[in-house]
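Here's the structure we're looking at; comments come further down.
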Amino acid sequence: MILRYNFFTLIWAAVIMVLTLLPSSSMPSLSIWEIFSFDSFAHAFMFAVLTYLLVVGLKKQYTYPRVKHFAIRTSFFVSSMFGIAIELLQHFFIPGRQGDIVDVLSNTIGCILGILLFKWIYKM
């Protein structure tokens, strides 16, 4: 049942993987300031949505009561580790791309924003 409630989370995670693991030749060319501001916002947005979807899915599932109880912590941990893994994959396996600590920070800020969005919407 946990996959049933996290179907959209898995789809969104796949979208993030595809978008963030594109080779550098597929990336649009922008000036350095446009890349920094757009890239940071894009990372934060993608991970805010991911974390929000994951919290909602884990709260709705009933197969694992402990996971349901710790849905926010679990979502933060899983989403943050996913962001770190993506940066490591970029750095070591994608030609022309490199992992960036600013992206990890943006991903983590996005995770926090996703949790805050969940708490705001569900009044928790």
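By the scheme Lys and Arg +1, Asp and Glu -1, what is the net charge of all other residues having a beta-carbon under 12 Å from that of residue 103? Don't skip to the end; give the middle numbers.
Values: positive: 97; negative: 39, 87, 100.
Around residue 103, the charge tally is -2.
Nearest 10 degrees is fine. How inclined is helix 101-121 to the longest principal axis of the chain, computing both from alpha carbons?
30
When only the heavy atoms of the protein chains count and the probe is 1.4 Å, how do 20, 108, 63 rank by accessible area, highest first?
63, 108, 20
The values are calculated or read from the model by the stated rules, or taken from the named source; none is laboratory data. Because the structure is a prediction, the values reported are computed rather than measured. Cβ sites come from the backbone with ideal geometry, for glycine too, and all protein chains shown count toward neighbours. The protein model used for the area step is the full one, side chains on, heavy atoms only, and it has no ligands, DNA or RNA in it. Shrake-Rupley method; radii C 1.70, N 1.55, O 1.52, S 1.80 Å.
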